[in-house]
Structures are given as C-alpha cells and as structure tokens.
Amino acid sequence: MPHPRFALTPVAMTGPRYTRLIDSLPATVPFVGPEEHERLAGRRFTARLGANENGFGPSPRAISAMAAAAGDAWKYGDSTSFDLRTAIAAHHDVAVENVLVGEGIDGLLGYLCRLMIEPGDPVVTSEGAYPTFNYHVAGFGGVLHKVPYAGDHEDPHALIAKAAEVGAKLVYIANPDNPMGTHHPRETIEAMIDAVPDGTLMVLDEAYVEFADDGTEARIAADDPRVIRMRTFSKAHGLAGARVGYALAAPGLIAAFDKIRIISACAASLRQARWPRCRTRRGRPTCVSSWQAHATGSTRSRARTG
C-alpha cells in the first residue's frame with residue numbers, strides 16, 4: 001500500500017525541463033566520429049582521414065609511460081597535472097602558472113566559453129573556421145559574428161575590425177588554419193595581437209603549428225593578457241585518443257579556469273616523450289622526431305599542415 005502522504009493523483013510524464021537555451025539549440029554536433037559513420041553506413045572505411053589523426057602513433061616512450069601508469073588507475077591523478085605542466089613550462093620557457101592542461105583543445109575551448117560567455121555576448125570568428133569553437137559559443141548563448149576568408153586564409157584585419165565593431169569578448173583564429181591548412185607568418189599574428197580591442201581576448205589555436213614553416217609560431221610574452229594560446233598532443237604527438245591539450249596564457253586567466261574546470265588529470269606521464277623537431281624541407285613542412293625514426297626506420301617521414 002502506498003504511504004498516505006504520497007497517494008496523489010497521477011499526472012502525465014513530461015520529461016526533463018531543459019533550459020530555454022538548450023531548447024533553442026539544434027540537435028547536432030560539430031564532429032561525428034568515423035566509428036559512428038561506419039555504423040550508419042554499415043561498412044568500414046578504407047582510411048581515416050576526417051580528423052587529421054597522426055598515423056605514426058605515439059612515441060614509444062609515451063606508450064611506455066602510459067603503460068607504467070595504468071596500474072595506478074585506481075586512484076585519482078594530481079588534480080593540477082603538475083608534472084606535465086612543469087614539463088610544458090620548461091619546453092616553452094614559461095612559468096608553470098602560465099600553463100593549463102585539459103581534455104584536448106576542444107575541452108579547453110568549452111571551459112573558455114563557460115568562463116567568458118553569457119547569453120547575448122558577441123564572439124568573432126571566420127565563416128568556415130573550426131566548428132567546435134562555434135558549438136561551444138552557441139552552447140553558452142554567445143552570438144557569433146563571422147567574417148569571410150581572404151582567399152584561402154583567415155583574414156586577421158577583418159577579424160579585428162569586426163571585434164572592434166561588435167565589442168567582442170572573444171576573437172578566434174587558428175594558425176595554421178583548420179580546415180584550410182594555410183598559415184600566416186608570425187609577424188601577422190603578432191600585429192593582430194597588438195590590434196586586439198580593449199576588452200577582447202584573442203583565442204589563438206595552434207593545434208598544427210608544429211607542422212608549419214619556420215617563422216610561423218608567433219613570439220608572444222607568456223604574461224600577455226590579450227591572448228590565450230591553445231596547443232594539443234593530438235596531432236604532432238599522435239595522442240588524439242588520450243585527449244590532452246594545454247593552454248598558455250597570463251597567470252590570472254589560467255587561475256580563473258580553476259573556478260569552473262573539471263578537476264581531473266592526465267593519467268600518463270607524457271613528459272617522458274620527446275618533443276618533435278620541426279623544420280621546412282623543399283618548401284614543405286617536415287616534422288621528425290626520434291620516435292618516428294624508430295617506428296618507421298626512416299627520418300624522411302612527413303606530415304603536411306592541415
């Protein structure tokens with residue numbers, strides 16, 4: 001017999017009550033994985049090309065480090081990812097306080113939008129640029145203002161002009177660009193940073209910078225409050241499945257992420273892997289590291305920008 005207090009008249013089930021923002025969003029995602037495409041098509045792909053995965057795979061040193069760490073999966077990792085942040089800081093010659101580790105650039109972009117964007121806030125990007133950034137902006141109610149490409153390149157001048165026009169909180173550019181694979185010289189990006197309007201934060205996505213020509217990576221002071229740089233272990237380091245990315249920014253901005261980020265950590269000591277040595281050969285970007293030579297028996301392995 002039901003308790004008398006709960007002997008109420010049955011009502012129709014209505015389901016969860018989503019926020020008005022969620023109800024307004026389309027039931028789409030910016031990236032559908034190849035496994036889901038295979039299930040929908042009922043057949044396997046001949047090759048996986050849609051996500052720019054690195055077919056060389058991870059460094060053997062990274063694999064060994066992850067295998068050694070697997071036995072510690074019963075415990076939560078260091079919530080600050082201190083060892084990895086320390087190694088990243090040493091590599092970039094910055095302070096640990098300038099480094100944030102997260103679940104790939106995609107996860108970091110989501111945190112950034114949660115940190116910065118309220119419903120109605122203006123955000124500037126390029127028409128046709130990386131769609132996952134747009135996905136996160138829309139998910140927090142931001143209003144996207146898009147500018148066209150200039151030929152095959154994102155247009156830094158148009159992006160800055162639009163940011164000033166609409167009072168953008170964020171302006172996004174990828175260098176090299178995803179998906180076009182084109183890139184600007186460092187001087188262009190540095191000039192763009194100098195022109196960022198007051199109150200706007202520039203989001204510089206450098207997921208592919210290790211593959212670009214010499215002179216592409218911008219020279220940016222780690223404490224510059226006008227820009228946040230995004231990097232990843234998914235591309236040049238062949239660790240897309242590990243979902244490890246990092247940001248470089250002024251300490252105050254990095255510290256602000258602690259207010260909203262998921263307190264998790266990378267399980268493996270990825271700092272054991274060597275950083276790739278990238279250079280230009282015959283006008284084309286070449287990225288070679290000791291583990292690629294070990295895995296392929298050759299130091300002629302190439303990875304194109306994009």
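The numbers here are math on the coordinates, done by the rules we state, and not lab data. Quantities reported herein were computed from a predicted structural model and do not represent experimental measurements. Using ideal geometry, Cβ is built from the backbone for each residue, glycine included, and neighbour counts are taken over all protein chains shown.
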**OP:** Could you line up LEU239, LEU40 from fewest to most neighbouring Cβ atoms inside 10 Å?
**Re:** LEU40, LEU239
**OP:** Based on a Kirkwood Rh over C-alpha pairs, give the Stokes-Einstein translational diffusion coefficient of segment 151-251 at 10 °C and viscosity 1.306 mPa s in µm²/s.
**Re:** 113 µm²/s
Subject >> Using a Förster distance of 25 Å, the FRET efficiency for GLU187-ALA95 (Cβ separation, nearest 0.05) >> reply: 0.45
Original post:
When ranked by the protection proxy of mean other Cβ atoms within 10 Å per residue, highest first, what sequence do the peptides 139-149, 246-256, 72-82 form?
Top reply: 246-256, 139-149, 72-82
Subject >> GluC sites (Glu not before Pro) lying in DSSP loop within segment 91-194, provided at most 14 other Cβ fall within 10 Å >> reply: GLU127
Original post:
Could you give P(r) for segment 29-120, binned at 5 Å from zero, as whole percent values over all Cα-Cα pairs?
Top reply: 2, 9, 11, 15, 17, 17, 15, 8, 4, 1
**OP:** Quick one: order TYR135, TYR18 by neighbouring beta-carbon count within 10 Å, fewest to most.
**Re:** TYR18, TYR135
Original post:
Where a Cα-Cα gap under 17 Å defines reach, which lysines qualify for LYS162, not counting those fewer than 8 residues away within the same chain?
Top reply: LYS146
Subject >> Residues with amide H under 5 Å from that of TYR149, placed H, sequence gap 5 or more >> reply: GLU127
Original post:
Over all pairs of distinct alpha carbons, what does the Kirkwood formula give as the hydrodynamic radius of segment 60-272, in Å?
Top reply: 17.6 Å
